[in-house]
Amino acid sequence: SKNTGKNQVRFYDEELEQSERRRHQLEDELSQAITNEEFLLYYQPQVDAEGTTILKAEVLLRWQHPRHGIVNPDEFIPHLEEYGLIIPVGKWILEESCRQLKVWHNAGKHELCLSINVSANQFKHPDFIEFIEICLIKHQISGEQIELELTEGVAIHDIPSTIKKMDRLQELGIRIALDDFGTGYSSLSYLKHLPINTLKIDQSFVQGLPHDGYDAAIVETTMVMAHHLGLTVVAEGVENRVQLAFLKKQQCHLYQGFLFSQPLNVDRFSELIL
Ligand code: C2E
Ligand code: CA
Ligand code: CA
Ligand code: CA
C-alpha cells in the first residue's frame, strides 16, 4: 500500500543517515588520531640470503587506537585515502622515518636503509618531491639511505609526470621499488617505461613455492628478467625454509617475512639491530 511505501522510504532514509553518521565518526576518529599522535611505525627486516645481515627495513604503519589497541593498516588506510588524510599522515610517515633512521645512524648503524610505502595519492601531490627534499636536509639523511615503495597505481593517469618525478627522486639518490609486483595489470609495461630499481615479488606468489607450478614459474621468470635488467629483487612473505631454498636457488637478493621477523615496534627493532 501507499503507507508501506512511505515507511520504506523513511526506513532507507534512516539507514542512510546512520551510515553517514558512522562515516563522520570514523573521519573524526582518524583526524583525532593525527592530533593525538596515535599513529606509529613498525619495522620489518629485509635480510640477505644467509639471513644474518639486516640490510634494510620496511616501514609499516600502525594505529594505536584508544579503545581497540593496535590496528593494522589494511583496516584504516583506505579510509585515510577516502578523507584525504593520507597526505598529512604520509608526510608524518616520511618525517618520522627519517628522524628515526638518523637515531639509528647515530647509534652506529650507518649502513641501515629504510623502505617507505607511498600511496598513489601521496605521490601525485604537487608538494611531494619538495617535502622529501626538505625532510632529507632537515634530518641529514642522504637519498641513498631511503627507498620508496610504489604500486602501479601511481602512474595510472599520467605517465610522463610520473617519470619526471621518479627521475628527480633518483637524482637525489633515492631508490624506487615496485611493490606487489605481478599483481597488477601492467607490471611489465611499468618496468619498461619507469625508472625502477627494485622489484618486490608479491607474497601471493611466494606462498605456493615450490609446489604450486604457477607460483614457481612466475617467480623463476621474474628473477631471470630482473637479473637481465639489473634490478634488485626482494621476496616478500617468506614464511618457511622451502620457500627460502627455492628463492635462494633463483638468486633472490633480499628476503622479508615471518621466517626472519615479524614487523617490530621501534624498541624491539632497536634491540634487534643494536
Ligand atoms: P605491503 O606493502 O605489501 O606490506 C607487506 C605486508 O605483509 C605487511 O602487512 C606485513 O606485515 C605483511 N607480512 C610481512 N611478512 C609476512 C609474512 O611472512 N606472511 C604474511 N602473511 N604477511 C607478511 P601490514 O603491515 O598489515 O600492511 C598492509 C599493507 O598496508 C601494506 O602492504 C601496504 O600496502 C599498506 N601500508 C602499510 N604501511 C603503510 C604506509 O606507511 N603507507 C602506505 N601508504 N601504506 C602502508
Ligand atoms: Ca610495501
Ligand atoms: Ca608488498
Ligand atoms: Ca601487499
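Every number here is computed from the coordinates shown, using simple stated rules; none is lab data. These figures come from a predicted structure and were not determined experimentally. Counting neighbours? That spans all protein chains shown, and the Cβs are built from the backbone with ideal geometry, glycine included.
Put a plus charge on the Cβ of each Lys and Arg, a minus charge on the Cβ of each Asp and Glu, and nothing anywhere else: the dipole of the chain about its Cα centre is then about 160 debye.
The loop-placed GluC sites (Glu not before Pro) in segment 35-100, going by DSSP, that have at most 13 neighbouring Cβ atoms within 10 Å of their Cβ come out as Glu37, Glu50. In plain terms, the chain from Leu272 to Ser19 could stretch by 86.7 nm, reckoned as 0.36 nm per residue minus the Cα-Cα distance.
Selection among Ile196, His65, Leu259 by position relative to the dipole of the chain gives Ile196 as farthest towards the positive end (Cβ unit charges, Cα centre). Could you give the size of the charge dipole of segment 27-92 about its Cα centre, using +1 on the Cβ of each K and R and -1 on the Cβ of each D and E, expressed in debye and rounded to the nearest 20? The dipole magnitude comes to about 220 debye. With a Förster radius of 22 Å applied to the C-beta separation of Glu50 and Glu220, the computed FRET efficiency comes to 0.55.
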